[in-house]
Amino acid sequence: MAQQAPPHTPRLPRTARPGRPGRSERVVAMQPLPTHRLLLVYGLLATALVGLGARLAWLQVIDTQNLQNRARAIQTQSVAPLGKRRTIVDRNGRLVALDEQRFTLWAHPRYFNFPGDDPQKLRRPDEVASRLGAVLAQPSETLLQRMAGRPSGVKLGTDIDPETADRIRRLNISGIDLEAYPQRVYPQGSLFANLVGFLNLERVPQAGLEQSRNSDLQRNETTLRMRRGADGTPLPEGMAAGSLYGDDLRLQLTLDARLQQVTQKALHDQVKKWKAKRGAALVMDVRNGEMLALASVPTYDPNRFWSFNPGLFREWSVQDLYEPGSTFKPINLALALQEKAIQADGKVFDNGSLSIGGWPIFNHNRQGNGLIDFPTVLEASSNVAMVKAMGKVKRERFWQWLSTIGIDERPDTDLPGAVAGELKDRKTFISHPIEPAVAAFGQGFSLTPLKLAQLHAMLANGGRLVSPHITRGLRSGDALAPAPGGGGLQVLDPEVTKVVMGWMETVVANSKSLGIHIPGYRIGGKTGTAQKAERGMYIPGALITSFVGHLPIDDPRYVVLVVVDEPKGGNTYGSTVAAPVARKIIDALLVLEQLPPSDPKALGASRSKAANPSAG
């Protein structure tokens with residue numbers, strides 16, 4: 001059976017393409033797509049639409065704050081505060097500490113371009129170095145060496161003053177940036193270093209008022225935020241109320257830079273002359289406790305603190321204890337008068353030595369003075385007479401008085417680091433007779449020079465215990481705070497202190513060799529030469545010499561205390577070492593404070609005699 005041929009698939013006719021005769025195009029017949037492919041495409045599109053909707057919902061609802069913050073970051077410029085500090089001035093407005101603007105110079109060699117250059121032109125580092133070197137007063141080779149091989153972020157200098165920075169800006173060199181920062185400057189140098197302290201290179205307070213009053217010295221500065229338009233123009237509505245407020249508060253001291261300078265120089269010269277370990281001098285207004293001067297040597301320059309021994313950064317006159325010796329005798333006599341254990345016109349017999357509980361006690365010259373009154377007790381500085389006079393005060397009351405006037409308490413003061421003194425406990429003081437005996441002439445307990453000045457101010461102001469301080473508070477602009485009125489806790493009877501002040505005046509009036517007597521002025525004083533104790537033991541040959549003065553006696557206003565630690569050589573006494581410093585301070589104080597003489601006639605006679613020595 002013959003095999004049948006397969007059916008022949010018909011061919012569609014070819015149609016000729018336009019412009020191409022004899023050519024035809026194949027036509028493919030349309031066929032329906034599979035259903036599963038349509039569903040797959042539809043699912044993908046639906047999923048994409050759902051994703052876009054979810055993303056839109058996320059951006060509009062969930063991530064709104066983040067997007068808003070990012071937009072604000074682009075639209076808003078933030079200027080962080082420099083962290084400036086408030087200025088410190090003395091009682092008369094003289095600058096003591098202030099912040100000055102300084103600059104760090106940065107170079108970016110990849111962007112170097114001069115004014116007038118084509119924007120695409122790149123200047124060589126040596127061309128820039130030659131121009132900057134003239135302004136910075138540095139060799140251009142040095143600047144070029146710093147920039148060698150570095151495309152950006154090269155520090156060319158720091159501590160650049162505003163004038164030099166302005167000259168650099170006028171060069172208009174692209175690729176040069178100036179970064180501003182504040183630098184603490186102390187115009188008075190070492191004059192107030194012992195009290196004001198300093199900031200380290202990281203601007204962290206390290207000592208003095210800079211540390212203790214840190215919160216008061218920090219300016220109220222806020223981060224400045226300014227909104228900008230699309231073209232970068234600042235928009236005023238973006239600035240919060242008070243953004244441009246300027247903090248012009250200044251911390252005013254009670255100290256007088258003029259008197260401080262005289263005090264420090266006189267003290268320095270005397271410490272150097274006697275090869276002493278150190279010295280301190282204090283001048284206090286007895287009416288309100290203001291310190292007009294508080295100097296100590298050796299000292300340091302806070303502008304170059306890194307060059308000095310850190311041990312100098314503390315003020316020893318308010319932090320170190322010592323036994324005051326004879327300068328405490330007037331205070332003890334006031335306590336005895338207050339207790340009515342002695343009388344103002346009383347006398348005591350001084351035989352030169354005595355024994356208390358088996359312990360011998362002598363006068364400094366081991367000689368007796370016989371029957372003497374109390375002005376002579378102070379003038380002769382008799383230890384024996386003081387022991388006998390204070391022996392009339394009950395031991396319990398003596399200890400109670402020493403505690404009442406705050407020997408063992410920290411003084412109420414703004415002076416940084418002030419400490420309490422040391423006083424034997426009540427039981428030891430009462431049960432051991434030698435304790436009140438040595439306390440009678442200022443030994444066996446310890447205090448700071450600051451505390452001693454406070455107690456002598458109590459004698460001068462009529463018995464009030466005022467708080468020693470060196471600040472008057474914050475003032476705005478150029479305004480200065482007036483001196484505060486008197487205050488303080490009334491401790492002693494004013495009549496009692498008046499008697500003791502008269503006795504101290506006798507000491508100065510009858511001791512012309514002391515060098516404190518000034519014709520026409522009534523001045524009281526007392527010297528002190530005490531053994532130096534350390535850890536309860538007296539150091540052989542080590543002395544602390546001191547002098548305390550009051551003026552004027554008829555209207556007491558000031559106490560001057562000078563303490564010189566461990567002077568070397570012979571004839572080292574309060575009268576020879578400390579008193580000459582006090583005299584120079586008193587001379588300056590009379591002039592600066594314009595104190596009128598108590599006896600103008602005596603002053604006039606003295607001046608006439610000085611002008612015409614041959615007369616009389």
Checking Lys451 against (1) more than 18 Å from Leu589 (Cβ to Cβ); (2) among the basic types (Lys, Arg); (3) more than 33 Å from the chain's Cα centre (by Cα): exactly one of these is not met. Which one? (3)
Regarding Gly157, is this residue assigned to a strand (DSSP E or B) and either buried (at least 18 other Cβ atoms within 10 Å of the Cβ) or without any contact (Cβ under 8 Å) to a residue 60 or more places away in the chain (or both)? yes
Filtering region 248-281 for residues that are over 19 Å from Ala193 (Cα atoms), outside any helix (DSSP H, G or I) and more than 22 Å from the chain's Cα centre (by Cα) leaves a count of 3
Among Ala293, Ala336, Ala344, Ala380, which is in contact with a Leu (Cβ under 6 Å, 6 or more places away or on another chain) and either without any contact (Cβ under 8 Å) to a residue 24 or more places away in the chain or not β-branched (Val, Ile, Thr) (or both)? Ala293
Any chance you could count how many residues in region 519-543 are hydrophobic (A, V, I, L, M, F, W, C) and modelled with pLDDT of 95 or more? 1
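So that you can scan it fast, the table gives a plain yes or no per residue for (1) part of a loop (DSSP other than H, G, I, E, B); (2) in contact (Cβ under 8 Å) with a residue 60 or more places away in the chain; (3) touching a helix residue (DSSP H, G or I) at 6+ places or on another chain (Cβ under 8 Å); (4) surrounded by fewer than 20 Cβ atoms within 10 Å (Cβ to Cβ):
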residue	(1), (2), (3), (4)
Ala439	no, yes, yes, no
Gly442	yes, yes, yes, no
Leu450	no, yes, yes, no
Ala457	no, yes, no, no
Gly473	no, yes, no, yes
Leu480	yes, yes, no, yes
Pro484	yes, yes, no, yes
Going residue by residue through region 88-100, is there one that turns out to be of a type in the set (Gly, Ala, Ser), over 30 Å from Leu178 (Cα atoms) and either over 40 Å from the mean Cα position of the chain (by Cα) or at pLDDT 90 or above (or both)? yes
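Every residue, every condition in (1) over 30 Å from Leu259 (Cβ atoms); (2) of a type in the set (Asp, Glu); (3) touching a helix residue (DSSP H, G or I) at 6+ places or on another chain (Cβ under 8 Å); (4) assigned by TED's automatic domain parsing to the domain that holds Phe103, yes or no:
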| residue | (1), (2), (3), (4) |
| --- | --- |
| Leu136 | yes, no, yes, yes |
| Ser140 | yes, no, yes, yes |
| Gln145 | yes, no, no, yes |
| Thr164 | yes, no, yes, yes |
| Ile173 | yes, no, yes, yes |
| Asp177 | yes, yes, no, yes |
| Ala193 | no, no, yes, no |
Kindly indicate whether Gln252 is over 30 Å from Asp478 (Cβ atoms), buried (at least 21 other Cβ atoms within 10 Å of the Cβ) and in contact (Cβ under 8 Å) with a residue 40 or more places away in the chain. no
Any chance Asp117 is in a loop (DSSP other than H, G, I, E, B) and modelled with pLDDT of 85 or more: yes
From the residues in region 120-139 that are under 40 Å from the mean Cα position of the chain (by Cα) and not in a loop (DSSP other than H, G, I, E, B), which one is nearest to Asn172 (Cα to Cα)? Leu132
Output the number of residues of region 325-370 satisfying the condition of being over 30 Å from Thr448 (Cβ atoms) and polar (S, T, N, Q). 6
For region 282-367, list the strands (runs of 3 or more DSSP E) that sit wholly inside it and hold at least 3 residues that are exposed (fewer than 14 other Cβ atoms within 10 Å of the Cβ) and either at pLDDT below 95 or of a type in the set (Gly, Ala, Ser) (or both); which are they? 359-362
Spot the failing condition for Gly51; the list is (1) surrounded by 11 or more Cβ atoms within 10 Å (Cβ to Cβ); (2) modelled with pLDDT of 85 or more; (3) part of a helix (DSSP H, G or I), and only one is missed. (1)
Examine region 70-83 for a residue that is buried (at least 18 other Cβ atoms within 10 Å of the Cβ), closer than 30 Å to Asp248 by Cα and under 42 Å from the mean Cα position of the chain (by Cα), and state whether such a residue exists. no
Take the residues in region 418-437 that are buried (at least 18 other Cβ atoms within 10 Å of the Cβ) and in contact (Cβ under 8 Å) with a residue 60 or more places away in the chain, then tell me which one is nearest to the chain's Cα centre (by Cα). Ala418
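The values are calculated or read from the model by the stated rules, or taken from the named source; none is laboratory data. Predicted, not measured: the structure shown is a model, and the values here were computed from it. Reconstructed Cβ throughout: ideal geometry from the backbone, glycine too, with neighbour counts over all protein chains shown.
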